[in-house]
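Trainee: The following block contains the structure, expressed as structure tokens.
The values are calculated or read from the model by the stated rules, or taken from the named source; none is laboratory data. The shown structure was predicted, so the numbers you read here are calculated from the model rather than taken from an experiment. In this analysis, Cβ positions are derived from the backbone assuming ideal geometry, glycine residues included, and neighbour counts consider all displayed protein chains.
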Amino acid sequence: MKPDVLRGHLDAMILAVLEDEPRHGYAIMEALQRASGGALDLPTGTLYPALRRLERAGLLHSEWATVGGRKRRTYRLTSEGSQTLAAERVEWRSFAVVVEEVLKIHVARPSGAL
């Protein structure tokens, strides 16, 4: 998938994979890859800055936890993050409808045809 396609949508996808449970960074990458059928393979240089940005915005909260014997930063949605995710879903559905209408194939009609 082209990186430009992700622009503007990555934050909502991160929020979505954190909706059901807190996860550490690598688990977030795995969840995104699994949910996308392997189409999303984010480098850590893309994911971690996004996580920090979302936390600064108050949409995520992080804390250190021991996972599998290793200490890792675990992220979870805040209530504001849940509200933002809900709004992002509504906005995405509206946007997808518009794009679908514009991109659908129109059968060319001959001049003067009704």
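Trainee: So in region 2-23, with the set limited to residues that are over 15 Å from Thr74 (Cβ atoms) and basic (Lys, Arg), which one is modelled with the lowest pLDDT?
Mentor: This residue is Lys2.
Trainee: Arg76 is checked against (1) in contact with a Pro (Cβ under 7 Å, 6 or more places away or on another chain); (2) at pLDDT below 95 and fails just one. What number does that condition carry?
Mentor: (2)
Trainee: Now for a different question. Would you pick out the residues in region 42-62 that are out of contact with any Asp or Glu (no Cβ under 9 Å at 6 or more places or on another chain), in a helix (DSSP H, G or I) and of a type outside the set (Asp, Glu)?
Mentor: Of everything in region 42-62, those that are out of contact with any Asp or Glu (no Cβ under 9 Å at 6 or more places or on another chain), in a helix (DSSP H, G or I) and of a type outside the set (Asp, Glu) turn out to be Thr44, Gly45, Thr46, Leu47, Tyr48, Pro49, Leu51, Arg52, Arg56.
For every residue, the table says whether it meets (1) small (Gly, Ala, Ser); (2) in contact (Cβ under 8 Å) with a residue 40 or more places away in the chain; (3) touching a helix residue (DSSP H, G or I) at 6+ places or on another chain (Cβ under 7 Å).
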{"position": "Asp20", "(1), (2), (3)": "no, no, no"}
{"position": "Ser36", "(1), (2), (3)": "yes, no, no"}
{"position": "Pro49", "(1), (2), (3)": "no, no, no"}
{"position": "Leu85", "(1), (2), (3)": "no, yes, yes"}
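Trainee: While we're looking at this one, here's another question. Can you tell which of Ala65, Ala87, Ala39 is touching a Lys or Arg at 6+ places or on another chain (Cβ under 7 Å), surrounded by fewer than 16 Cβ atoms within 10 Å (Cβ to Cβ) and either part of a loop (DSSP other than H, G, I, E, B) or not charged (D, E, K, R) (or both)? Quick ask: steps written out before the conclusion?
Mentor: Numbers: Ala87 fails: touching a Lys or Arg at 6+ places or on another chain (Cβ under 7 Å); Ala39 fails: touching a Lys or Arg at 6+ places or on another chain (Cβ under 7 Å).
It is Ala65.
Trainee: If you take the residues of region 68-81 that are surrounded by 14 or more Cβ atoms within 10 Å (Cβ to Cβ) and over 13 Å from Asp11 (Cβ atoms), which of them is nearest to the chain's Cα centre (by Cα)? Write out each step before concluding.
Mentor: Going through region 68-81, the residues surrounded by 14 or more Cβ atoms within 10 Å (Cβ to Cβ) turn out to be 72-78, 81.
Filter once more, so that each one left must be over 13 Å from Asp11 (Cβ atoms): 72-74, 76, 78.
Numbers: Arg72: 21, Arg73: 19, Thr74: 17, Arg76: 14, Thr78: 16 Å.
Result: Arg76.
Trainee: Assuming Glu100 fulfils every condition listed in (1) surrounded by 12 or more Cβ atoms within 10 Å (Cβ to Cβ); (2) farther than 15 Å from Arg23 by Cβ apart from one, which condition is it?
Mentor: With respect to (1) surrounded by 12 or more Cβ atoms within 10 Å (Cβ to Cβ); (2) farther than 15 Å from Arg23 by Cβ, Glu100 is out only on (1).
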